[in-house]
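We did not get these values from a lab; they are worked out from the coordinates using the rules stated. Please read all numbers here as calculations on a predicted model, not as lab measurements. Neighbour counts run over all protein chains shown; Cβ positions are idealised from the backbone, glycine included.
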Amino acid sequence: MMNRESKTGRLAALFVLGNVLFNYPILTIFNLKFTFCGIPLLYLYIFTVWSALIIAIIFVTQIRPKSDSANVSGSPGTADVTDRGNPC
């Protein structure tokens, strides 16, 4: 299970990575008069990195904890909400 501190640390690392990738020295590498399928290389780089960071943030925030074998329904200590003994 991912705890809150590790998720916060991963999000902070993605923030720092985003700042590095969108900063001056890296952007000048891609500021060329070259186009890829009619798209300037700088714009392609910016939108590709931006999309990759968004996808990485989605993966970090949507990690689900693995279900324990002890928490499977029907195991001792769990109550079935639907079975209340009500005749209706």
>> Out of the residues in segment 22-38 meeting the condition of being out of contact with any Leu (no Cβ under 8 Å at 6 or more places or on another chain) and not β-branched (Val, Ile, Thr), tell me which one is nearest to residue 51 (Cα to Cα).
In response: 22
> Any idea which of (1) closer than 19 Å to residue 59 by Cβ; (2) over 25 Å from the mean Cα position of the chain (by Cα); (3) of a type in the set (D, E, K, R) is the one residue 10 doesn't satisfy?
Replying inline: (2)
>> Among the residues of segment 34-49, are any in contact with a helix residue (DSSP H, G or I) (Cβ under 6 Å, 6 or more places away or on another chain) and surrounded by fewer than 12 Cβ atoms within 10 Å (Cβ to Cβ)?
In response: yes
